[in-house]
Ligand code: ATP
Ligand code: MG
């Protein structure tokens, strides 16, 4: 490809609407353009990279025994009614009617369609397992489309669905998919953690999200370098280490004027925040006034609390007053009658609490569960933070942020039961098919790769998904010997199977360097007048920034070796 005819309109200025590096760079480098909110056109460079991601996905899926097919984007709303999702999915589902008034949806995912497809065909255990996938545009009317391809309303997804006869079979298929998904991330140059999204009854996982590590990620994670454990911090449980409060263990009332926050009380008592106890008052969904207590250095986890208390809310000032509680000085000892006390599991072994005294400007030290107050329930209540112990080994958890690029999920019989998709098992019993579903965000993977690989000059493509592997930059494309040398190298590279773009534009060297860096081609070969006089060109590695003079006669072989070693 010659840059003079490449359709890649670059922008001089940073687009105002782009907050993330990936969004900004893909717009600036002429890879994507916004059509409307959450709708993007993929220009030729982006499309080449997307095709490469798709090829990697296909390769891994086919190797794992899955078969590609293509389902209609439009789905009869009746199918979504059958599964119960027509109502449950809410306004994210794009709905419309055809000219006859028949209702349809634009598929945000295709469990219904695939279940309907196989339900009268997969009738015997002998036909199983079957694993089918497609790569297609998906539609979700996201409430807040943002960050360009990261969260758009039309996006490219690989969605796959498996059908097995037994739980062991489903587990095998699921494990194979999980492995393929890890390979896909690696081959696309994405650093990702497999994060357990859902644990099964026997301790194994039944859903894993692959999280590309990036500061800009929406998910907040903890992981252990020691054993590989990784989890969403909202879902993770931990053995929080707590410290005992000050004092000799006797219940002691302490005057703590104005010390209504953890920061103030720990400073006043001269102890670490984790040696104090944080009390919150809430009203559970069933109306029960409840005080929850967590270690002073941890927060109440809203998701876990909702599991326990239903749709709860923290008490307002008025509700606190009605309940006889004093903001900043709530504690377990001497709670007004009728208030339930629920404490974090980690505090069970602790025998000396520094906590509010249910009296303005007073705290207790040395408060002891069982002796000084009764706990109605112990529960896992806190959000895990970096520095907490790993729940699976002796390691210490680290914190990170992540972008969900893909997910594997054991659906079990959710759709096959709702939609009556059953088969005959070995003993002649009719049973619902056991399903798994597997999604890769292809366009999100592209943008996650840019989020992970960029610098102040632009994108730094991993070779495996770069739109072109090499750019050839003649600085005097109209003059000899530059012109003919460039043409010759271009022919040789293309013949050697290297995807090459030649910057034949009549532009200043500075403009060419900036554009090639912005677009992020992994290797650049610069042909300058002085170098050519000495018989050399400059080979630049975009990722490391290293430059090296290489003899004109050797550069093609060098580049071929570099590119072939780096291809996925
Ligand atoms: P999220 O939690 O980010 O909304 P999800 O869990 O709803 O995503 P899935 O249903 O698991 O998404 O879809 C599979 C994959 O499709 C996701 O892992 C993600 O990579 C991609 N994806 C989902 N929604 C979008 C979107 N709005 N824009 C781009 N990619 C998306
Ligand atoms: Mg998901």
* Asked: Between residue 272 and residue 54, what FRET efficiency comes out of the Förster formula 1/(1 + (r/R0)^6) with R0 = 51 Å and r the beta carbon distance, rounded to 0.05?
  -> 0.45
* To do: Could you work out the relative contact order of segment 52-156, using alpha carbon pairs under 8 angstrom and six or more residues apart, expressed as a whole percent?
  => 29
* In terms of the Cα gyration tensor, with a ≥ b ≥ c the square roots of its eigenvalues, is segment 61-220 rounded because a/c is under 1.5, prolate because a/b exceeds b/c, or oblate? -> oblate
* Bin by bin, in steps of 10 Å, what percent of the Cα pairs in segment 228-337 do you find, going until the bin that has the longest distance? -> 12, 39, 34, 14, 1
* Asked: Stretched out fully, how many nm does the piece from residue 78 to residue 337 gain, at 0.36 nm a residue minus the Cα gap?
  -> 87.9 nm
* May I ask you to sort 215, 111 by Cβ crowding, counting other Cβ atoms within 10 Å and putting the fewest first? => 215, 111
* Structure fact -> Simple SL model, points at 7 angstrom along Cα→Cβ for residue 476 and residue 285; separation in nm is 7.7
* **Residues residue 97 and residue 425, FRET efficiency given R0 of 56 Å [Cβ-Cβ distance, rounded to 0.05]** => 0.85
* To do: Hey, for a label at residue 166 modelled as a point 7 Å past Cα toward Cβ, could you say which residues of segment 411-453 have their backbone N under 19 Å away?
  => 411-413, 423-436
* To do: For the chain, find the longest principal axis of its Cα atoms and tell me its angle to the long axis of helix 442-452, 0 to 90°, nearest 10.
  => 80
* Asked: Dividing the alpha-carbon Rg of segment 452-522 by 2.2 N^0.38 Å yields what?
  -> 1.15
* Relative exposure of 471, 316, judged by other C-beta atoms within 10 Å (fewest first) -> 316, 471
* Structure fact -> Longest principal axis of the chain (C-alpha) makes with the long axis of helix 167-187 (C-alpha) an angle, in degrees to the nearest 10, of 60
* **Compactness of segment 176-234, expressed as Rg and Dmax over alpha-carbon positions, Å** => 11.7, 34
* Asked: What does the convex hull of the Cα atoms come to per residue for the chain, in Å³?
  -> 215
* **Sorted by Cβ neighbour density within 10 Å, fewest at the top, the residues 505, 95** => 95, 505
* To do: Quick one: angle between helix 44-63 and the longest Cα principal axis of the chain, in degrees between 0 and 90, rounded to 10, please.
  => 70
* To do: Using just the helices of the chain, give the 222 nm mean residue ellipticity in deg cm²/dmol: DSSP H runs with n ≥ 4 each add -39,500 (n - 2.57), and the total is spread over all residues, rounded to 500.
  => -7500 deg cm²/dmol
* To do: Name the shape class, rounded, prolate or oblate, that the alpha-carbon gyration tensor gives for segment 14-77, where a ≥ b ≥ c are the square roots of its eigenvalues, rounded holds for a/c under 1.5, and otherwise prolate holds if a/b is larger than b/c and oblate otherwise.
  => oblate
* Along the Cα-to-Cβ line of residue 37, 7 Å from the Cα, sits a label point; which residues in segment 124-148 have backbone N less than 12 Å from it? -> 141-146
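Please label the shape of segment 364-482 as rounded, prolate or oblate, based on the square roots a ≥ b ≥ c of the eigenvalues of the alpha-carbon gyration tensor (a/c under 1.5 means rounded; beyond that, a/b larger than b/c means prolate, else oblate).
It comes out oblate by the Cα gyration axes.
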* **Fraction of beta bridges assigned by DSSP in segment 447-529 that are antiparallel (%, nearest 5)** => 20
* **Near-label residues of segment 241-280 by backbone N, under 11 Å of a point 7 Å along Cα→Cβ of residue 371** => 248-252
* To do: Just need the relative contact order of segment 118-169 here, percent rounded to a whole number, with Cα pairs under 8 Å and 6+ apart.
  => 43
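Values quoted throughout were computed directly from the atomic coordinates according to the rules given, and no laboratory measurement underlies them. All values derive from a computational prediction rather than experimental measurement. All Cβ positions, glycine included, derive from the backbone under ideal geometry; neighbour counts span all protein chains shown.
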